[in-house]
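All remarks here apply to the structure that follows.
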Amino acid sequence: MTTAIGIAVGGLAAAGTATAAPEPVQQHAASAGAVTPLAVNNLGLSRAQAREWQRLMLKYGFNPGKVDGLLGTQSWRASQGYLNHLGFRAGAEDGILGPDTIRALQRYLNDRGGYRLVVDGIAGPRTKAAFRDHMCAC
């Protein structure tokens, strides 16, 4: 029956296509909650060093949330506010440790500690080591 309809409508080629067409693939869009930032990223700091960074945020009026040595979204939001306040251009204060925040931290570490980091927005071994060293010096 399908072959006869295919021949009548558009020739034999259409009939073959009509009978052999696969089921359409279901595409699922990711919900807004499906992609979330990493909950905690201490960027190489120990918990004790991360607590010191959180205390530094508090000292300058930026709320990192609970001072627990776990740098989560609230701590990074406070860090972004602090880095923006100092003019290091962390970008949006959204708590996401992305390239803008890392570049701002690199600028901060270069300015405050003379680390001579490449400001590339990548939290590589030199950036993490400078951050750890800086927190030992604070």
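The values are calculated or read from the model by the stated rules, or taken from the named source; none is laboratory data. These numbers come from a predicted model, not from an experiment. Here the Cβ is made from the backbone with ideal geometry for all residues, glycine too, and neighbour counts use every protein chain on show. These accessible areas exclude ligands, DNA and RNA; they are computed on the full protein's heavy atoms, side chains included. Shrake-Rupley method; radii C 1.70, N 1.55, O 1.52, S 1.80 Å.
Under 6 Å between Cβ atoms, which residue pairs at least 6 apart in sequence (or on different chains) link something in the range 66-95 that is within 17 Å of Q49 (Cα to Cα) with a partner that is buried (at least 20 other Cβ atoms within 10 Å of the Cβ) and of a type in the set (D, E)? Between residues of the range 66-95 that are within 17 Å of Q49 (Cα to Cα) and residues that are buried (at least 20 other Cβ atoms within 10 Å of the Cβ) and of a type in the set (D, E), there is no close pair.
Among the residues making up the range 119-138, those that are closer than 13 Å to A50 by Cα, open to solvent by 20 Å² or more (accessible area, probe 1.4 Å), assigned to a helix (DSSP H, G or I) and touching a residue at least 40 places away in the same chain (Cβ under 8 Å) are K128, R132, C136.
Residues are listed down the side, and each one gets a yes or a no for (1) open to solvent by less than 50 Å² (accessible area, probe 1.4 Å); (2) under 17 Å from K59 (Cα atoms); (3) among the β-branched types (V, I, T):
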residue: L70; (1), (2), (3): no, no, no
residue: W76; (1), (2), (3): yes, yes, no
residue: N84; (1), (2), (3): yes, yes, no
residue: R89; (1), (2), (3): no, no, no
residue: A92; (1), (2), (3): no, no, no
residue: L97; (1), (2), (3): yes, no, no
residue: T101; (1), (2), (3): yes, no, yes
residue: N110; (1), (2), (3): yes, no, no
residue: L117; (1), (2), (3): yes, no, no
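Could you list, in sequence order, all residues of the range 91-118 that are of a type in the set (A, V, I, L, M) and assigned to a loop (DSSP other than H, G, I, E, B)? Matches in the range 91-118: A92, I96, L97, L117, V118. The residue that is farthest from G98 (Cα to Cα), among those in the range 65-86 that are aliphatic (A, V, I, L, M) and in a loop (DSSP other than H, G, I, E, B), is V67.
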